[in-house]
Structure formats: C-alpha cells, structure tokens
1. Could you figure out which of (1) in contact with a Phe, Trp or Tyr (Cβ under 9 Å, 6 or more places away or on another chain); (2) at pLDDT below 95; (3) of a type in the set (D, E, K, R) isn't true of LYS73?
2. Starting from segment 15-32, keep only residues that are farther than 15 Å from ASN278 by Cβ, then list their pairs with residues that are among the aromatic types (Phe, Trp, Tyr) and open to solvent by 30 Å² or more (accessible area, probe 1.4 Å) whose Cβ atoms are within a distance under 6 Å, requiring at least 6 positions of separation or different chains.
3. Looking at GLY100, GLY40, which is the one that is crowded, with 16+ Cβ neighbours inside 10 Å and at negative phi?
4. Looking for whichever is in a helix (DSSP H, G or I), open to solvent by less than 50 Å² (accessible area, probe 1.4 Å), in contact with an Asp or Glu (Cβ under 9 Å, 6 or more places away or on another chain) and at pLDDT 95 or above here; the options are VAL51, VAL21. Which one fits?
5. Can you find, within segment 143-172, the residue that is most open to solvent (accessible area, probe 1.4 Å) among those that are assigned to a loop (DSSP other than H, G, I, E, B) and either of a type in the set (Lys, Arg) or closer than 25 Å to LEU204 by Cβ (or both)?
6. Only one of (1) without any contact (Cβ under 8 Å) to a residue 24 or more places away in the chain; (2) open to solvent by less than 20 Å² (accessible area, probe 1.4 Å); (3) small (Gly, Ala, Ser) fails for ALA94. Which number is that?
7. Looking only at segment 250-289, count how many residues are part of a helix (DSSP H, G or I), open to solvent by 20 Å² or more (accessible area, probe 1.4 Å), in contact (Cβ under 8 Å) with a residue 40 or more places away in the chain and of a type outside the set (A, V, I, L, M, F, W, C).
8. Pick from segment 103-120 the residues that are open to solvent by less than 60 Å² (accessible area, probe 1.4 Å) and either closer than 18 Å to LEU157 by Cα or in contact with an Asp or Glu (Cβ under 9 Å, 6 or more places away or on another chain) (or both): which of them is modelled with the lowest pLDDT?
Amino acid sequence: MTSQTNTAAVAGTWKLGDLTVNRVGFGAMRLTGSAPFDLGMPSDRERSISVLRRAVELGVNHIDTAAFYFSSKRSANELINRALAPYPDDLVIATKVWPGRDPSGAWWWARPEQLRGQVEENLRQLGRDHLDIVNLRLPPSRRSSSIAEHFAALAELRDAGLIRHLGISNATPEHLAEARAIAPVVCVQNSYSVGAPSDEQEFLQACGELGIAFVPFFAIAGSGREAGASAADSEAVLSVARAHGVSAAQVRLAWTLRQGPHVLVIPGTGDPDHLVENVAAGAVRLSDDEMARLQSLQHNP
C-alpha cells in the first residue's frame, strides 16, 4: 500500500444526515489510559494529543467520544478539544448520553430531564455550541424497554439547536422503530464484529435498507470488549491476515467494512502505530472466499 492509500478516504464515505464522513473513523475511549474507565495507568497526555492530530492528518473526520470517557487524569473530550480546536470544518464529532459517571468514577444513568445536563457537559468539554451527533446509549437492563421518553427529550434538544443529528446505541430494531417515530435517526451504534450473531447481522442489513449508518463498536475487540482483543485470534482470521501481510485487527476491520456501504468503523487506540494500521485497513480488499471463511465463524469469534 502506498502512503496515498493509507488514508481514511480509501474506504469511501457515507452521509450522516447532511454530514459526509469517511467510513474509517476514530473512537476516543482508549485515549485516556491503559484501560478504559480508570482501570489502568493514565495515558501520556501529549501522546494522546498527537494521536488525535495524526488521525485528522490521515483523513479521519468522524470521531466518537463521550463525557464519561475519563480516567483520574485524562478526559477524552478535553483531549479532543486541546488537540483539534479550532475544529476542521469537515470534522464530525459524535458523543453519547444516558450513562454518566460522577467525579469518583461511579456510574449513574440519567432520567429524561437530566439529558440536557449531559449534553451541556459535552458542549463545555468540547468547546462547541452544538453537538454534531448524539447517540442515546441504552443501559443493558433496558434492552427490552421503551426509550420513548429519553429519545423525545433528545429530540427537543435537537429542535432547540443544541444537537444536529440523533442516533441510538446498544439498541434493537424495536428501539429504532420507536425512535424514528419521534425524530430522524442517522446512525445505530451497536457491538458488532467477526462472529456476530445472525440477529445483529439482520439489524445491520435493515439499517442499510433504511439509509441509516451502522457503526459497530468493538469491531476489533469482539468478545474482549473494553479489555481489548485477545492475543490469540482464530486461525481463520490469522490465515487471512498472513495472506494479505496485515494484522488480525486489520482483517477484522476490513471484514466489517465489507458488510455494507453504510457501515462505519470507529477503532480506538492511543498508539500512533496502531492508528496508522487501523486507517490502512480501509484499503484491505478481502476476497469473496475469505469473506465466506470469516462469515463461518458466526457465534464462534
């Protein structure tokens, strides 16, 4: 691959409402320390800032973040502000609300009337007067419950000009239908990776039919989730990686991007070398046979 192809633009673009983004984006969760949510050592501040700036240099114009991404000494939103403000005109920053953490790091979940405070917290930290995209992130305990009150509260903030576009996260097709009856939805952000169960694959396809972006998180980590990818990947993934001379993580990202033109990836890292690899994954072209082999890992990632 040439340096020309190693940019976020090589995988193409998608429109989030009226905002065009490169399909390879960046997730800010891992910027704040050796493990998310203050479970490890705080990150090196200047290194995290340099990773963000390098991401934009590589064509990344879609960054996923949250006010609850912080460690004892680092805040992802503050790092983004410090690294990138004044923001490039084409940069789209997506955040998420409903979960929150108090200053000690303890988790809490907002009531509908508290969402405005969470939105304003993101505005202050990012130094913005509006948020490009706000995803309503569902609690695991609410996967079968209504989101109407919470989503309606965000729709009011959208009407007030504090939010440009809305999305949902950790959601089901039923939640999407419920949300779309209240206000337009530009993206669904769910856990999805090689080995995803058939119902998530069907949801991904349904989003494409509706023209809604599907934005997987843990596309690399898979079942490792916040802990990160396992050091021992499956032989199917490793054999494809060897054939292309790339890493297993790049194969997982390339597979994810092949799921549809509406699929975006937001791999996160605090490592400059991993950043370059992640962006370059957009140029990896898997064959139909390789896709089929990886598809066969369903339920066994």
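1. (1)
2. From residues that are farther than 15 Å from ASN278 by Cβ, the pairs are THR32/PHE70.
3. GLY100
4. VAL51
5. Result: SER144.
6. It fails just one condition, (1).
7. Number satisfying all stated conditions: 1.
8. GLY105
The values are calculated or read from the model by the stated rules, or taken from the named source; none is laboratory data. Remember, predicted model here, so these are calculated numbers, not experimental data. Backbone-built Cβ (ideal geometry, glycine too); neighbour counts: all protein chains shown. Accessible surface areas use protein heavy atoms only, side chains included; no ligands, DNA or RNA. Shrake-Rupley method; radii C 1.70, N 1.55, O 1.52, S 1.80 Å.
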